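Trainee: Before anything else, here's the structure in question.
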Amino acid sequence: MKRFEIPCFSRRNGLGKNFSDGKGEKDGMDGKIRKTLSEIGEAVEAPESLKRQIDCRIAAEGREILKKKKTGVKKVIVTTAAACLLVGTVCLAVGGSYLRSGRSKSYDGFSDLQKAEREVGYGVDAVESFSNGYRCKKMSADETVRENMDGSKESVMGFRFHYSGPGENKKVTLAARRLLPGENEGNIGGEKTPDKTMLCSDIKVYHYTTTMKCVPEDYELTEEDRSNLKRTDYEISVGSDEVEVEVYQSVLWIRDGVVYDLFGFELPLTADQILGMAKEIIESRTE
Amino acid sequence: MEEMELVQRLKEGDRDAFDALYEKYANILLRMAYLVCGSRADAEDIVQETFVKCWFHIGELKKPEGFRSWLYQILYRTAYRQCKKSWREIPDETVEMRADTSDGVTSLDRVMEKETAIQVKRAVERLDFRHRAVVVLYYYNGSSIRDIAHILNCTEGTVKSRLFAARKKLRGSLNNGKEGGAACETV
């Protein structure tokens, strides 16, 4: 295996001046420690097998993630759409901390909201139907799990309301859940820039538009893809059978420690129209 | 290719960039992990975990120029958990024995012929994890106090305090030439 220079002693002369108790330099102890650690370190080399093991782990864990995603790319994106805004990565080829779905319980419909709220332990703002005709067809309580960089996990139970539009096979989902530790209004949108904002009952509401390119597992990124990925409003999701590009809209706001995300793919709605739906949800509490 | 460019490409999912960064950092990380945990087998596990996390979590790294510190952070967090799990379970003799039967047997044996080196190694091994980590980063990596504080997620004052305490303990061990002394206390 190719050996590389390691940066030990690169600042040797500066170290004693940087922080020293003085005695170490006088009795030569600092030098002894440096020399010994360097010699012990130099005797250790990464075996070829280590890289193979890492490659296997990445392939295996990548397959696990893809397997989850392959249950339906759109479905996965829908279930993690909040993650897209919260973390900035939903189904990217490489991850960061990512949110995934955990347990889920379906209810008969909106009429079960109080029962669901009792079981989940808190209530959220929601409406059964909107003035534009979208109506709640399904409701569920869903667990959102955040897998952190250090391997730890945090989870929270939340709600999902699935609305269907009149005469159209278009669906809008409202996801609502309590904030996870560290999430707040300042970072909830990740690196994305909202394309529209609205103030409603003193709550700031953000509208985002994102282009989602779904690609097969063996897809190789083009130069254009690489360039697009630098944009904050562009995502690439791995796991579809063919290349497919879709636009999704998302409206996000936080109220009383609960984050709301109203979103949908290829919606026949303008930003103002979907913001209007968010307004109806927010104002439903005071009606 | 510059490291910054490699990191940027890694963020875009470029496997070649990952391989190049592995080549650059594998030995550095393995050596750091070995010096901190004292076991070759554990060190390889720690490095493996570090690179797997690097691949899956590179999206969390905001600034490519902070890649090295970020990688070291992952390594030390992983090492800390690994050491908590296994360090106290491995007697000193076993650590020595494992090292002797590792791939680096020839070089290591040569090093161990030196009495001072043996004393220093044992003295460092007797330090608790936090002090060992500071000693390795400071003396082996040549990291500044500020960088160490960043990597270990503590204040510069804490780093100085740990380094001071570690030196004191090391000096005590080396001056006394105690080879079988008790493990140092945590400050």
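Trainee: Just for region A:182-201: of the residues that are at pLDDT 85 or above and assigned to a loop (DSSP other than H, G, I, E, B), which one is surrounded by the most Cβ atoms within 10 Å (Cβ to Cβ)?
Mentor: Out of the qualifying residues, it is A:Pro194.
Trainee: Still on this structure, I have one more. Looking for something more than 20 Å from the chain's Cα centre (by Cα) and charged (D, E, K, R) - is there at least one such residue anywhere in region A:205-216?
Mentor: no
Trainee: Ok, one more. Of all residues in region B:34-51, which are small (Gly, Ala, Ser) and more than 8 Å from chain A (Cβ to nearest Cβ)?
Mentor: B:Gly38, B:Ser39, B:Ala41
Trainee: Still on this structure, please answer the following. Take region A:202-260 and flag every residue that is surrounded by 17 or more Cβ atoms within 10 Å (Cβ to Cβ), within 12 Å of chain B (Cβ to nearest Cβ) and at pLDDT 80 or above.
Mentor: Within region A:202-260, just A:Asp225 meets the criteria.
Trainee: Every residue in region B:20-33 that is surrounded by fewer than 19 Cβ atoms within 10 Å (Cβ to Cβ) and facing chain A (nearest Cβ under 8 Å), please.
Mentor: If the condition is that a residue be surrounded by fewer than 19 Cβ atoms within 10 Å (Cβ to Cβ) and facing chain A (nearest Cβ under 8 Å), then B:Glu23, B:Lys24 are the ones that fit.
Trainee: Looking at B:Val124, B:Val95, B:Val136, B:Val159, which one is under 28 Å from A:Leu50 (Cβ atoms), at pLDDT 90 or above and surrounded by 19 or more Cβ atoms within 10 Å (Cβ to Cβ)?
Mentor: B:Val136
Trainee: Run A:Ser49 past the list (1) closer than 25 Å to A:Phe159 by Cα; (2) at pLDDT 60 or above; (3) out of contact with any helix residue (DSSP H, G or I) (no Cβ under 6 Å at 6 or more places or on another chain) and report the number of the one that doesn't hold.
Mentor: The number of the failed condition is (1).
The values are calculated or read from the model by the stated rules, or taken from the named source; none is laboratory data. On a predicted model such as this, the values are computed, not experimentally measured, just so you know. Neighbour counts are summed over all protein chains in view; Cβ atoms, including those assigned to glycine, are modelled from backbone coordinates with ideal geometry.
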